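Taking it in order: structure first as structure tokens, then the write-up.
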Amino acid sequence: MVRAIAALVGAAFVFVLALALFGTVSDRIKTPPAETAAEWVQGRTEAATGTHLLNADLASAGVLGKYDRRQLQRGFQVYKEVCSACHSIRLVSFRDLADLGYKPPEVKAIANQWQIEQPSPNPDTGEAATRKNLPSDHFPLVFANDIAAKAANNNLVPPDLSDITKARHGGANYVYSLVGHGYVKQPAELLKEFPDIATPKGLYYNQYFASLNIGMPPPLKSDGQVQYTDGTKPTVDQMAKDIAAFLTWTAEPKLENRHAAGLAAMVFIAIFCFLAWGAYQNVWRDIKH
């Protein structure tokens, strides 16, 4: 009798879940969700160029991905020598570089020698002044404000790169595709079909950018632009992968911890399910069928 009641309750529960699922699916078919801005941008770009984002194939990709420290250091070198002239990483502090494998004296040297110093008004006069960076400081802003940024960049404000891989559809693959393989000659047949995207003066055609016309000149111009200290061949493709890896880290510095916690949670759930099944068998072992 008890088993019959339990089976009936279980069947009713399954029926309610199935009914709810059917209602959700039916509603989604009748009234599909509105297309997001990211989906619209991606769809328009692919329709116009026939291209899809390339796969950076980073070690950090996937549910069990881990950072390649050597690649992160190379990516930081690319940022320092190429990107830091225009783009800030204001959410990252110098001491965070220890996670990349730099030792405390190296972190201190990087902070002290950084080309931009910390704003520090004179305590006596209140006049603008600067001081050397400390490991505890965040990376200083490249430009004091948007007005200064526009004045130096053809009336455009270079975005902060701290969490760019989270802010852009495609993440690391977007950064890799954009800077490593996006700057190509605009196809003539493309202009015939989409005359509104002709690259205006002062902009650059990039097949992976949302509007296909970007204000940033090609940052990675040729192989060997950055001389890696670990002996890796600095091709444009390699530098693009490395900067994509570094910017993935700036956006998700605790990614490895998150992956480890997720794996531990899955193992715990599996063990819990096994124990629950064993308890069920033990409780019902003397019940006759």
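The values are calculated or read from the model by the stated rules, or taken from the named source; none is laboratory data. Not measured: the values here are computed from a predicted model. Note: ideal-geometry Cβ built from the backbone for every residue, glycine included; neighbour counts use all protein chains shown.
For the reader, a short list of remarks on this structure follows.
- Qualifying residue in the stretch 125-134 (condition: out of contact with any Cys (no Cβ under 7 Å at 6 or more places or on another chain) and in contact (Cβ under 8 Å) with a residue 40 or more places away in the chain): yes
- Candidates Leu100, Leu134, Leu72 - the one that is hydrophobic (A, V, I, L, M, F, W, C), surrounded by 16 or more Cβ atoms within 10 Å (Cβ to Cβ) and in contact with a Lys or Arg (Cβ under 9 Å, 6 or more places away or on another chain): Leu100
- Complete set of residues in the stretch 57-90 that are under 15 Å from the mean Cα position of the chain (by Cα) and more than 30 Å from Ala149 (Cα to Cα): Asp57, Leu58, Ala59, Ser60, Ala61, Gly62, Val63, Gly65, Lys66, Tyr67
- Long-range neighbours under 7 Å by Cβ, at least six apart or interchain, first residue under 18 Å from Gln71 (Cβ atoms) within the stretch 87-105, second in a loop (DSSP other than H, G, I, E, B): Ile89/Phe139; Ile89/Asp160; Ile89/Leu161; Ile89/Ser162; Val92/Phe139; Val92/Ser162; Asp96/Pro253; Asp99/Pro253
- Residue list for the stretch 229-247, restricted to those being assigned to a helix (DSSP H, G or I), charged (D, E, K, R) and in contact (Cβ under 8 Å) with a residue 60 or more places away in the chain: Lys241, Asp242
- Qualifying residue in the stretch 17-24 (condition: of a type in the set (S, T, N, Q), at negative phi, at pLDDT 70 or above and in a helix (DSSP H, G or I)): yes
- Conditions (1) under 21 Å from Arg95 (Cβ atoms); (2) in the same structural domain as Ala59 (by TED's automatic domain parsing); number of the one not met by Pro140: (2)
- Remark: Ala251 falls outside the filter, which requires a residue to be at pLDDT below 90, within 25 Å of the chain's Cα centre (by Cα) and surrounded by 15 or more Cβ atoms within 10 Å (Cβ to Cβ).
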